[in-house]
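S.K.: My questions all concern the structure below.
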Amino acid sequence: QQNVQQSPESLIVPEGARTSLNCTFSDSASQYFWWYRQHSGKAPKALMSIFSNGEKEEGRFTIHLNKASLHFSLHIRDSQPSDSALYLCAGNSGGSNAKLTFGKGTKLSVKS
Amino acid sequence: AQTIHQWPVAEIKAVGSPLSLGCTIKGKSSPNLYWYWQATGGTLQQLFYSITVGQVESVVQLNLSASRPKDDQFILSTEKLLLSHSGFYLCAWSRQVSNERLFFGHGTKLSVL
């Protein structure tokens, strides 16, 4: 059974700051990991994914995966007010492609 | 382009009453379909998934049931609502290959009183 923990629960940063969000998972057999972003009252939307150890960058967003330490992170460079949202990490569980377990999320507020 | 439509947008129901929520996906054949539930301030929790018509797998037991009567339709229901059923219900689809992202519908906000 996959257990996904996110930290911090909430975060307030000034515009232009570098933001780091963390996620730890329990199922060492997990194969793929996602970050989703959910603006208030809206549906979550996929942000980025990674399937092997290492780093992946897309624009201002970088994700990092370390399967040995069961750790997964998201870094936002030059944070903008529009980045304010709930950030959810997710990993598959039980070796299944269809079972995805989400963390509780980190609520990010970027103040201008 | 694929579209996902959920109905209704919101519901206010009495404890003990029945419930039926629906979801339709257009523009994609044989998608994987999912139901998720998010309590206020809570974790997004997977309830059911389906990889083909007529087959539904339950992930957690919450006195809810799901059915997939057509390739593009996913239904979530219960005969008797509980207070604990309140929350945000999200339908999602993904392609039937490994490691594919979920595309969520706009969700249904359910209040059980």
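S.K.: Failed condition for residue B:74, given (1) modelled with pLDDT of 95 or more; (2) of a type outside the set (Ser, Thr, Tyr); (3) surrounded by 15 or more Cβ atoms within 10 Å (Cβ to Cβ); (4) part of a loop (DSSP other than H, G, I, E, B), with all others met?
M.R.: In the conditions (1) modelled with pLDDT of 95 or more; (2) of a type outside the set (Ser, Thr, Tyr); (3) surrounded by 15 or more Cβ atoms within 10 Å (Cβ to Cβ); (4) part of a loop (DSSP other than H, G, I, E, B), residue B:74 misses (4) alone.
S.K.: Quick one: residue A:52 ticks every box in (1) without any contact (Cβ under 8 Å) to a residue 40 or more places away in the chain; (2) assigned to a strand (DSSP E or B) bar one, so which box is it?
M.R.: Answer for residue A:52: the failing condition is (2).
S.K.: Taking the options A:90, A:43, name whichever one is of a type in the set (Gly, Ala, Ser), within 13 Å of chain B (Cβ to nearest Cβ), buried (at least 16 other Cβ atoms within 10 Å of the Cβ) and assigned to a loop (DSSP other than H, G, I, E, B). Quick ask: steps written out before the conclusion?
M.R.: Working: A:90 fails: assigned to a loop (DSSP other than H, G, I, E, B).
Step by step, each of A:90, A:43 is checked, and only A:43 is of a type in the set (Gly, Ala, Ser), within 13 Å of chain B (Cβ to nearest Cβ), buried (at least 16 other Cβ atoms within 10 Å of the Cβ) and assigned to a loop (DSSP other than H, G, I, E, B).
S.K.: Next question. Report, ordered by the first and then the second residue, all pairs with beta carbons closer than 8 Å, sequence separation of six or more or different chains, a first member in region B:46-67 that is at pLDDT below 90, and a second member that is assigned to a loop (DSSP other than H, G, I, E, B).
M.R.: What qualifies is B:59/A:99.
S.K.: Here is a further query. Across region B:102-113, which residue is farthest from residue B:3 (Cα to Cα) among those that are more than 9 Å from every other protein chain (Cβ to nearest Cβ) and buried (at least 18 other Cβ atoms within 10 Å of the Cβ)?
M.R.: B:112
S.K.: Give the residue, chosen from A:19, A:24, that is among the polar types (S, T, N, Q), under 13 Å from the mean Cα position of the chain (by Cα), modelled with pLDDT of 95 or more and under 25 Å from residue B:60 (Cα atoms).
M.R.: Details: A:19 fails: under 25 Å from residue B:60 (Cα atoms).
Result of the check over A:19, A:24: A:24.
S.K.: Now for a separate question. Are any residues in region B:41-60 closer than 23 Å to residue A:5 by Cβ and polar (S, T, N, Q), and if so, which ones?
M.R.: B:43, B:45, B:46 - these are the residues of region B:41-60 that are closer than 23 Å to residue A:5 by Cβ and polar (S, T, N, Q).
S.K.: Right, next: Given (1) surrounded by 13 or more Cβ atoms within 10 Å (Cβ to Cβ); (2) assigned to a strand (DSSP E or B), where does residue A:57 come up short, assuming only one miss?
M.R.: (1)
S.K.: Could you please find all residues in region A:1-36 being surrounded by 13 or more Cβ atoms within 10 Å (Cβ to Cβ) and of a type in the set (Lys, Arg)?
M.R.: Hits for region A:1-36: nothing passes.
S.K.: Filter region B:84-101 for residues that are under 28 Å from residue B:18 (Cα atoms) and either within 11 Å of chain A (Cβ to nearest Cβ) or in contact with a strand residue (DSSP E or B) (Cβ under 6 Å, 6 or more places away or on another chain) (or both) and give the result.
M.R.: Initially, region B:84-101 is screened for residues under 28 Å from residue B:18 (Cα atoms), giving B:84-93.
B:85, B:86, B:87, B:88, B:89, B:90, B:91, B:92, B:93, listed by residue number.
S.K.: Residues of region B:87-113 being out of contact with any Leu (no Cβ under 6 Å at 6 or more places or on another chain), of a type in the set (Ser, Thr, Tyr) and touching a residue at least 40 places away in the same chain (Cβ under 8 Å), which ones?
M.R.: Hit for region B:87-113 is B:111, nothing else.
S.K.: In region A:62-74, which residue that is surrounded by 17 or more Cβ atoms within 10 Å (Cβ to Cβ) and within 12 Å of the chain's Cα centre (by Cα) is nearest to residue A:41 (Cα to Cα)?
M.R.: Ranking the qualifying residues of region A:62-74, first place goes to A:74.
S.K.: Something else: Among the residues of region B:4-21, is there at least one that is assigned to a loop (DSSP other than H, G, I, E, B), β-branched (Val, Ile, Thr) and closer than 25 Å to residue A:4 by Cα? Let's see the steps before the verdict.
M.R.: First, pick out the residues of region B:4-21 that are assigned to a loop (DSSP other than H, G, I, E, B): B:8-9, B:14-18.
Next, from what is left, pick out any that are β-branched (Val, Ile, Thr): B:9, B:15.
Those still in the list that are closer than 25 Å to residue A:4 by Cα too: none.
Scanning region B:4-21, I find no residue that is assigned to a loop (DSSP other than H, G, I, E, B), β-branched (Val, Ile, Thr) and closer than 25 Å to residue A:4 by Cα, so the answer is no.
The values are calculated or read from the model by the stated rules, or taken from the named source; none is laboratory data. In this text, all values refer to a predicted model and were calculated from it rather than measured experimentally. We place every Cβ from the backbone using ideal geometry, glycine too, and count neighbours over all the protein chains shown.
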